[in-house]
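*Asks:* Starting off with a structure, shown below.
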Amino acid sequence: MKYAISNIAWSPCERLEVYGLLARLGICGLEIAPSLFFQGADDPLMPDKEHMANALHDIDDYGLTPVSMQSTLFGMGKAELFGTGMSAETFGMAMRKSILLAGELELGNIVFGAPKNRIRPVEMSLEAATGVAIAKFKEFGELAREQGVILGVECNPAAYGGNFLTLYDETVAFVRQVNHSNIGLTFDLGSMHMLGDEERIPDVIARDVDLISHVHVSSPFLAPVPSDMVALNTLITSLKQCGYEGWVSVEMKRPNQNGLEEIENSLRHLLDVART
């Protein structure tokens, strides 16, 4: 397996210090939120040549490679999977831009979380919503195939403010219904914790490893990781046993205090488990 961290864990002004830390720890993968990675760009999903070159130059100096993208709908305004008119158009355009950017960067995965952008309207049945979502993701899957990218759908528990694909099994069922080679599953440890599904981790990874395109090592509400060392050990062991060879990425929001220390501690915990 390969290890990475998302850049939502630090502010852009701290990036070079963090990149140096990653290089010292032997972490070579970087998961990017475009609005942070291309800070200052008029449209982070379509960065101009200068912003693109500067961001890539920074990480290249430290031997880092962009491997996944997340938070691609951040700052997009009213972009809704189940919207109508402009909100649906904004959603579709942002998704297509994200896939094209991922293709340009040659990174393999886009995380689709965005719980508040996929809220099912009260008047729309679950069956109808699922049908709408399947049709759209089949379309996104075709563009993703052209770009060599997998769109990894992530289960987001209801506590994050959404109401569609809030349970692990229904998220897996949705991905299987889409049935597209470039629509996969982002496996999120924090979500499993919030749903009380930690004990199921070995069984569901064995069952669903064929779908998993990316793994998030996270804690509930993106607190520093790991919140549960037993679950982290179980996750890494299960992934190894099932032959998962993709990226495992630390996902945590920027700590209010001792930011770099918390980042280093989280990465060392992950690496210690990975080496056992």
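The values are calculated or read from the model by the stated rules, or taken from the named source; none is laboratory data. Quick caveat, the model's predicted, so the values are computed rather than measured. With ideal geometry, Cβ positions are generated from the backbone for all residues, glycine too; neighbour counts draw on all protein chains shown.
*Asks:* Can you find, within the stretch 18-34, the residue that is surrounded by the most Cβ atoms within 10 Å (Cβ to Cβ) among those that are assigned to a helix (DSSP H, G or I) and not small (Gly, Ala, Ser)?
*Replies:* Looking only at the stretch 18-34, we keep the residues that are assigned to a helix (DSSP H, G or I), and these are 18-25, 34.
Narrowing further to those that are not small (Gly, Ala, Ser): 18-19, 21-22, 24-25, 34.
Working: Val18: 22, Tyr19: 21, Leu21: 19, Leu22: 22, Arg24: 10, Leu25: 16, Pro34: 27.
Result: Pro34.
*Asks:* What is the number of the single condition among (1) out of contact with any helix residue (DSSP H, G or I) (no Cβ under 8 Å at 6 or more places or on another chain); (2) free of Cβ contacts under 8 Å to residues at least 60 places away in the same chain that Gly148 does not meet?
*Replies:* The failed condition is (1).
*Asks:* Residues Leu151, Leu165: which one is outside any helix (DSSP H, G or I), at positive phi and either crowded, with 18+ Cβ neighbours inside 10 Å or at pLDDT 95 or above (or both)?
*Replies:* Answer to the selection: Leu165.
*Asks:* Read through the list (1) assigned to a helix (DSSP H, G or I); (2) modelled with pLDDT of 95 or more; (3) surrounded by fewer than 16 Cβ atoms within 10 Å (Cβ to Cβ), then give the number of the only condition that Asn265 fails.
*Replies:* (2)
*Asks:* Oh, and also: Name the residue, out of Val225, Val204, Val217, that is assigned to a loop (DSSP other than H, G, I, E, B), over 16 Å from Phe112 (Cβ atoms) and β-branched (Val, Ile, Thr).
*Replies:* Every option except Val225 fails the conditions.
*Asks:* Condition check: without any contact (Cβ under 8 Å) to a residue 12 or more places away in the chain and either at negative phi or in a helix (DSSP H, G or I) (or both). Does Glu123 satisfy that?
*Replies:* Yes, satisfied.
*Asks:* Shifting gears a bit: Could you list all residues from the stretch 246-257 that are in contact with a helix residue (DSSP H, G or I) (Cβ under 9 Å, 6 or more places away or on another chain) and either within 21 Å of Arg200 (Cβ to Cβ) or not in a strand (DSSP E or B) (or both)?
*Replies:* Those that are in contact with a helix residue (DSSP H, G or I) (Cβ under 9 Å, 6 or more places away or on another chain) and either within 21 Å of Arg200 (Cβ to Cβ) or not in a strand (DSSP E or B) (or both): Gly246, Val248, Glu251, Met252, Lys253, Arg254, Pro255.
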